[in-house]
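Chemist: Sharing a structure, written as structure tokens. Questions coming.
The values are calculated or read from the model by the stated rules, or taken from the named source; none is laboratory data. Predicted model, so just to flag it, every value in this text is computed and none were measured. Every residue, glycine as well, gets a Cβ built from its backbone with ideal geometry; the counts of neighbours run over all protein chains shown.
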């Protein structure tokens, strides 16, 4: 992936030297590409009770107001921080252009780097959840140690796989700005758990598709893709499919419990965005077959 020398975003907050912490689990619905990872194999990798993490998927208390020490920019010589800052900047350029052409305004999200735990407006975030987006404060949170998990434990190496993770979470931000996330939250408690899980799958697959839209437009404008990059992202999508994660946990595959989609579905919708290059290509809620 070609990224070095490109613009870095100013919307990156570095909390990695903060104490973090604070009481309570996440309130509200913080949506993360890594949440299902921990829910299924968290005990194996992180020593965390999967039941605790699964509880986050169905929400909890209302978002809390938190006091957070002032954040600062990452060090200039931090290569990984520079990478995620550059990817974030690229998503800003893409989505700003998409929104402007549609007659709208794109509000840029912030990306927060942390270690272990950190406070969010949705409650306390934990590294064990993987990267996640908090709609209440419009911030993406990531402990960069997740990339080691993605590479070494889940078998999905590569810089473009890492960029896909950021683009997916920014996809949730786009959903938030478009009002899609709010409509999803309105369904909680109105439908059964199985039905809500099915809606969650469509939400997550749409975020995958939006990640593909970013890749399409970024490559069209700045030629960021190199040989093997698309395959790297496809491999990552496959490794974090619900069916793949359930198999890797040693349990049975239970489609009714899926919240993010199968490996094949995640690959299909990322590819739909990559080839279609538009929000219209990402209508997972209107699709008869995922």
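Chemist: Name the pairs: first residue in region 138-150 and at positive phi and surrounded by fewer than 23 Cβ atoms within 10 Å (Cβ to Cβ), second residue assigned to a helix (DSSP H, G or I) and modelled with pLDDT of 95 or more, Cβ to Cβ under 7 Å, at least 6 apart or on different chains?
Modeler: Close Cβ pairs satisfying both conditions: 138/173; 138/176.
Chemist: Going by the structure shown, is residue 30 within 19 Å of residue 136 (Cα to Cα), modelled with pLDDT under 95 and either surrounded by 14 or more Cβ atoms within 10 Å (Cβ to Cβ) or under 21 Å from the mean Cα position of the chain (by Cα) (or both)?
Modeler: Yes; evaluated as a whole, the condition is true for this residue.
Chemist: Continuing with the same structure: Have a look at 210, 285, 270 and point out the one that is at pLDDT 90 or above and surrounded by fewer than 15 Cβ atoms within 10 Å (Cβ to Cβ).
Modeler: 285
Chemist: Further question on the same structure: Right, residue 197: closer than 20 Å to residue 133 by Cα, touching a helix residue (DSSP H, G or I) at 6+ places or on another chain (Cβ under 9 Å), assigned to a helix (DSSP H, G or I) and at pLDDT below 95 or not?
Modeler: Judged against the criteria, residue 197 is a match.
Chemist: Out of the residues in region 143-182 meeting the condition of being part of a loop (DSSP other than H, G, I, E, B) and touching a strand residue (DSSP E or B) at 6+ places or on another chain (Cβ under 9 Å), tell me which one is nearest to residue 115 (Cα to Cα).
Modeler: Restricting to residues being part of a loop (DSSP other than H, G, I, E, B) and touching a strand residue (DSSP E or B) at 6+ places or on another chain (Cβ under 9 Å), the top hit is 143.
This table checks each residue for (1) under 21 Å from the mean Cα position of the chain (by Cα); (2) over 18 Å from residue 154 (Cα atoms); (3) in contact (Cβ under 8 Å) with a residue 24 or more places away in the chain.
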site	(1), (2), (3)
226	no, yes, yes
230	yes, no, yes
234	yes, no, yes
244	yes, no, no
251	no, no, yes
254	no, yes, no
269	yes, yes, yes
274	yes, yes, yes
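Chemist: How many of the residues making up region 103-142 are farther than 18 Å from residue 260 by Cβ and part of a loop (DSSP other than H, G, I, E, B)?
Modeler: 15
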